[in-house]
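S.K.: Let me begin by handing over the structure; questions about it come next.
The values are calculated or read from the model by the stated rules, or taken from the named source; none is laboratory data. All values derive from a computational prediction rather than experimental measurement. With ideal geometry, Cβ positions are generated from the backbone for all residues, glycine too; neighbour counts draw on all protein chains shown. Accessible surface areas use protein heavy atoms only, side chains included; no ligands, DNA or RNA. Shrake-Rupley method; radii C 1.70, N 1.55, O 1.52, S 1.80 Å.
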Amino acid sequence: PQRGGSRKIEPEGTYVTSPMVGTFYSSPGPDQPPFVKVGDRVNEGTVVCIIEAMKVMNEVKAGTSGIIAEILADNAQPVEFGTKLLRIHP
């Protein structure tokens, strides 16, 4: 008999991860709306955020089609290579 859940169930969907070390930005500028919100439909080419590295703004695309299920990073949060930024549900 199993008690308690030590096994974590990964939520369904595809994660968009950071392609580099930098700072995560959810919108193109401080007074502009975010690129995407939870519930938005995206396709492979949709820009979902920016990672700033050494003063260069790098657009990060969804890479898959679906609906934004979760935004995992906070605006202006430092991120590492491979940090999960968003989850896209098919």
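S.K.: Among the GluC sites (Glu not before Pro) within the stretch 48-90, which fall in a DSSP loop and have no more than 15 other Cβ atoms within 10 Å of their own Cβ?
M.R.: Those that pass, being in a loop and sparsely packed, are Glu80.
S.K.: What do you get for trypsin sites (Lys or Arg not before Pro) in the stretch 1-80 restricted to DSSP loop and a cutoff of at most 12 other Cβ within 10 Å of the site's Cβ?
M.R.: Those that pass, being in a loop and sparsely packed, are Arg3, Arg7, Lys8, Lys37, Lys55.
S.K.: Still on this structure: Per residue, what volume in Å³ does the Cα convex hull of the chain take up?
M.R.: 111 Å³
S.K.: Please report, as a whole percent, how much of the solvent-accessible surface of the chain comes from carbon and sulfur atoms (probe radius 1.4 Å).
M.R.: Heavy-atom surface of the chain belonging to carbon and sulfur, 1.4 Å probe: 53 percent.
S.K.: Counting only heavy atoms of the protein chains, get the accessible area per residue of the chain (1.4 Å probe) and round it to a whole Å² value.
M.R.: That works out to 67 Å² for each residue.
S.K.: Something else: Taking the chain as a Gaussian network, Cα atoms linked when under 10 Å apart, which of Gly13, Gly45, Gly66 shows the biggest mean-square fluctuation?
M.R.: Comparing Gly13, Gly45, Gly66 in a Gaussian network model of the chain, the most mobile one is Gly45.
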